[in-house]
Amino acid sequence: MESPHSVNSPRRTLSLSKQRRKTVSVFDPDDKTSGFGLSGDHGPKPSEVYGFVGSITTVVATVIFFIWAYVPESWLQSAGISYYPSRYWALAVPTYVMVTVVLMLGFYIGLNFISTPSPASLNTIFDEFSKDPSSNECSLEDEKPIEPISDIGIDRINDIMFNDVT
């Protein structure tokens with residue numbers, strides 16, 4: 001079956017657990033992923049229902065808007081629809097919405113420009129979480145310990161990027 005010298009690696013353990021899972025019966029009551037489980041939830045999820053109702057409502061509202069905007073008033077009167085908003089709002093509301101979106105984008109971009117430090121500021125290089133590299137001297141010549149986490153200095157980055165280091 002298995003040799004006494006075999007290694008129990010995580011990959012081997014995972015493959016064995018997958019093989020065991022394949023032998024489980026289709027009618028397992030604990031399996032909530034299959035449609036045959038007796039203890040699973042039945043019916044659609046609420047998010048699916050809300051999405052479906054939202055999409056149908058959007059389509060119906062769009063059709064009503066286009067009928068109101070493009071059908072002549074005499075046809076609406078003959079259909080028994082006598083109370084509806086002025087046709088001015090068929091153009092005004094979409095225009096107001098588009099202008100509001102453009103102004104919001106402009107405001108957002110301007111707010112980002114105001115809150116961003118200038119390129120000459122040291123705040124673009126250092127912040128309250130910056131760590132200077134500590135100088136830990138190694139006592140053993142053969143061992144080189146892993147350096148602690150720290151930020152790389154801008155002078156070292158400039159040397160690496162712009163000097164001929166080969």
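Quick note: the coordinates plus some simple rules give every number you see, no bench work behind them. Note that the structure is a prediction, hence the values are computed from the model and not measured. No Cβ is skipped: glycine too gets one built from the backbone with ideal geometry, and neighbour counts run over all protein chains shown.
If R0 is 41 Å, the Cβ-Cβ spacing of TYR83 and LEU103 corresponds to a FRET efficiency of close to 0.80. Length available on full extension from TYR96 to VAL71: 0.36 nm per residue minus the Cα-Cα distance, which gives 6.8 nm.
For region 72-88, backbone phi angles converted through the Karplus equation (6.51, -1.76, 1.60; θ = phi - 60°) give residue-by-residue couplings of x, 4, 5, 5, 5, 5, 5, 7, x, 9, 10, 10, 7, x, 5, 5, 4 Hz, Gly and Pro being listed as x.
Diffusion of region 50-98 by Stokes-Einstein, at 37 °C in a medium of 0.692 mPa s and with Rh set to the Kirkwood radius over alpha-carbon pairs, works out to 268 µm²/s.
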